[in-house]
Amino acid sequence: MNNKITRKNPIQVPSPVGNYSHLTIIPKDATIYALSGQIGVGVNGKLPSSLTEQVKNTLKNIQLILETEGLNADNVVKANIWATEEIDWDDFDQQWGSMFGNPYPSMTIAYITALGLPDIKLEIDIWAAK
């Protein structure tokens with residue numbers, strides 16, 4: 001019996017266009033963790049104006065929350081990413097790769113007109129399992 005999270009890219013479909021897996025399989029008896037959407041507020045309580053800094057802080061906040069439950073990036077099964085402006089993919093992919101490595105979790109990305117507060121440029125919600 002496999003009790004490990006499995007990430008796959010079935011050969012029957014085209015390869016992912018980014019750093020994600022098409023399919024993530026969660027073991028039957030896993031505990032599921034749903035993180036609220038995280039934003040780029042820093043340890044100083046301030047939200048930086050640049051999207052790049054917001055990405056950095058958001059990923060750090062996600063990492064810290066996971067650690068409080070004894071989880072890490074390997075436990076992440078799905079990420080939903082919402083952005084209000086064009087993402088710098090070179091920078092994002094570098095930060096994403098530093099946190100997750102390969103294989104990547106499943107992912108959805110959407111560009112939207114606004115988030116919960118006017119200065120928020122990015123929000124990421126995470127699903128994890130253990």
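The values are calculated or read from the model by the stated rules, or taken from the named source; none is laboratory data. Because the structure is predicted, anything quoted here is derived from the model rather than measured. Here Cβ is always computed from backbone atoms with ideal geometry, including for glycine, and neighbour counts include all displayed protein chains.
Side notes on the structure shown:
Okay, residues lined up against (1) of a type in the set (A, V, I, L, M, F, W, C); (2) at pLDDT below 90:
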residue: G18; (1), (2): no, yes
residue: H22; (1), (2): no, no
residue: L66; (1), (2): yes, no
residue: V77; (1), (2): yes, no
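- Screening P16 on (1) part of a loop (DSSP other than H, G, I, E, B); (2) exposed (fewer than 11 other Cβ atoms within 10 Å of the Cβ) shows it passes everything except condition (2).
- Single condition V43 does not satisfy, out of (1) buried (at least 16 other Cβ atoms within 10 Å of the Cβ); (2) more than 16 Å from the chain's Cα centre (by Cα); (3) aliphatic (A, V, I, L, M): (1)
- Within segment 33-53, the only residue that satisfies the criterion of being in a helix (DSSP H, G or I) and within 18 Å of F100 (Cβ to Cβ) is T52.
- Once segment 85-119 is narrowed to residues that are hydroxyl-bearing (S, T, Y) and within 16 Å of the chain's Cα centre (by Cα), the residue that is modelled with the lowest pLDDT is Y104.
- Exclusive hit being among the aliphatic types (A, V, I, L, M) and without any contact (Cβ under 8 Å) to a residue 60 or more places away in the chain, set A30, A79: A79
- Selection within segment 53-100: residues that are of a type in the set (A, V, I, L, M) and out of contact with any strand residue (DSSP E or B) (no Cβ under 8 Å at 6 or more places or on another chain). The member of this set that is nearest to I32 (Cα to Cα) is A73.
- Condition met for N44 (within 19 Å of A30 (Cβ to Cβ) and of a type in the set (S, T, N, Q)): no
- The condition (being in contact with a Pro (Cβ under 7 Å, 6 or more places away or on another chain) and either of a type in the set (A, V, I, L, M) or under 30 Å from P10 (Cα atoms) (or both)) is satisfied by just one residue among A73, A79: A79.
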